[in-house]
Amino acid sequence: AKALGRGRYHIFDSTLHVAAINTLELETELHKAIKEQELVVYYQPIVVLNTGKIVGFEALVRWQHPTRGLISPHSFIPIAEEIGLIIPLGKWVLHQSCQQLQTWQKQNLVDDSFFISVNLSARQLTQLDLNEQVDKILHDTQINPECLKLEITESSLMENPQIAIDILQKFKQRGIQLGIDDFGTGYSSLSYLHYFPLDTLKIDQSFVKQINETSKKLGLVPIIINIAQILEMNVIAEGIETQTQLRQLLSLNCKLGQGYLFSCPVNAEEAIHLVSSNEWQNLIP
Ligand code: C2E
Ligand code: CA
Ligand code: CA
Ligand code: CA
């Protein structure tokens, strides 16, 4: 959300509806939203770029507001973060996503290697019992830790690197997959990166957008992919919208990606339908 000063925020929903409401009002409503289950998890496919096969989903929360419609996380995650509500919210998203995966596993709609990727916020990383919280959710939902991936932004890793390293190492020992999110948009120093036990590097969509349609210039994408290779991390490209971007990413040996070219985030029912329908063959060059 864009702070407009004097405690006002602009709310943008997916239909471009714009309204300005008071932060305080939003806070009150967000508390209520969590209690009254107005939050909903959407899922965006993560795809093997040269086959179109869906190997996992990223879980992305939305707020189904009774009067304002579907509200984007950009409008409420920063506020939830500020007032600490991100803690119960984050736990809820994680629980919900793991439970959904378990349902799909039981119905044999996904294979054993299918993963769910959940965003962790900076504030969650300061929770001393975060490892136990995640363990409990894995235990309650009976999810294999290897099917869970946690996405942590570069900037939240760098807020307190030592604490982050400790927490990540415990996750790693459990077998949970770890990814660095929004890579290149934070302020981390490259020399720090190899201290974090990370499996995946996610290229932020701002870099994928730099792939030029006409000049075929690639911007910083090749460098970011190189960094990932040197650090022995897998790469996921985010925000793939065009055939050109797909083709260029493939030529750079980027294996995985997500973006509107394949699908925007959708509800659970539509998401699992995409897994079985396998309709992206024609996109692959
Ligand atoms: P993110 O983690 O970088 O997630 C990717 C965002 O890019 C998502 O926005 C997704 O819908 C969008 N996206 C995917 N493909 C494309 C594309 O081809 N074009 C464009 N223009 N956008 C694309 P979304 O769902 O609105 O989420 C925004 C941010 O809110 C996320 O950015 C993440 O930082 C945060 N967020 C969402 N859900 C959660 C959550 O459960 N917990 C936390 N802590 N943060 C969350
Ligand atoms: Ca993410
Ligand atoms: Ca992110
Ligand atoms: Ca991003």
Whether any residue in the range 85-104 is modelled with pLDDT of 95 or more, farther than 24 Å from Asn131 by Cβ, over 20 Å from the mean Cα position of the chain (by Cα) and more than 16 Å from ligand 2 (Cβ to nearest atom) is what I want to check. yes
The range 94-130, residues that are in contact with a Cys (Cβ under 8 Å, 6 or more places away or on another chain), in a loop (DSSP other than H, G, I, E, B) and hydrophobic (A, V, I, L, M, F, W, C): Phe114
Look at Glu81 and say whether it is touching a residue at least 12 places away in the same chain (Cβ under 8 Å), open to solvent by less than 50 Å² (accessible area, probe 1.4 Å) and over 18 Å from the mean Cα position of the chain (by Cα). no
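In the range 229-254, what residues are open to solvent by 80 Å² or more (accessible area, probe 1.4 Å), more than 16 Å from ligand 1 (Cβ to nearest atom) and assigned to a loop (DSSP other than H, G, I, E, B)?
The first filter runs over the range 229-254 and keeps only residues open to solvent by 80 Å² or more (accessible area, probe 1.4 Å), leaving 229-230, 232, 234, 241, 247, 251, 253.
Next cut, more than 16 Å from ligand 1 (Cβ to nearest atom) only: 229-230, 232, 234, 251, 253.
Residues satisfying the conditions are Glu232, Asn253.
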Name every residue in the range 165-184 that is within 13 Å of ligand 4 (Cβ to nearest atom) and either open to solvent by 30 Å² or more (accessible area, probe 1.4 Å) or free of Cβ contacts under 8 Å to residues at least 60 places away in the same chain (or both), in order of residue number. Ile180, Asp182, Phe183, Gly184
If only one of Tyr195, Tyr187 is among the hydroxyl-bearing types (Ser, Thr, Tyr), surrounded by 14 or more Cβ atoms within 10 Å (Cβ to Cβ) and either touching a Phe, Trp or Tyr at 6+ places or on another chain (Cβ under 6 Å) or part of a loop (DSSP other than H, G, I, E, B) (or both), which one is it? Tyr195
Candidate set: the range 109-164, residues that are open to solvent by 70 Å² or more (accessible area, probe 1.4 Å) and basic (Lys, Arg); chosen: the one nearest to ligand 3 (Cβ to nearest atom): Arg123
With respect to Ala122, determine if the residue is within 25 Å of Gly259 (Cα to Cα), free of Cβ contacts under 8 Å to residues at least 60 places away in the same chain and within 16 Å of ligand 4 (Cβ to nearest atom). yes
Residue list for the range 210-228, restricted to those being under 19 Å from Ser189 (Cβ atoms), in contact (Cβ under 8 Å) with a residue 12 or more places away in the chain and either open to solvent by 40 Å² or more (accessible area, probe 1.4 Å) or not in a helix (DSSP H, G or I) (or both): Leu220
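The values are calculated or read from the model by the stated rules, or taken from the named source; none is laboratory data. Here the structure is a predicted model, which means the values were calculated and not measured. Positions of Cβ are generated from backbone atoms using ideal geometry, with glycine treated the same way; all protein chains shown enter the neighbour counts. Areas reflect the complete protein model, heavy atoms only, side chains present, ligands, DNA and RNA absent. Shrake-Rupley method; radii C 1.70, N 1.55, O 1.52, S 1.80 Å.
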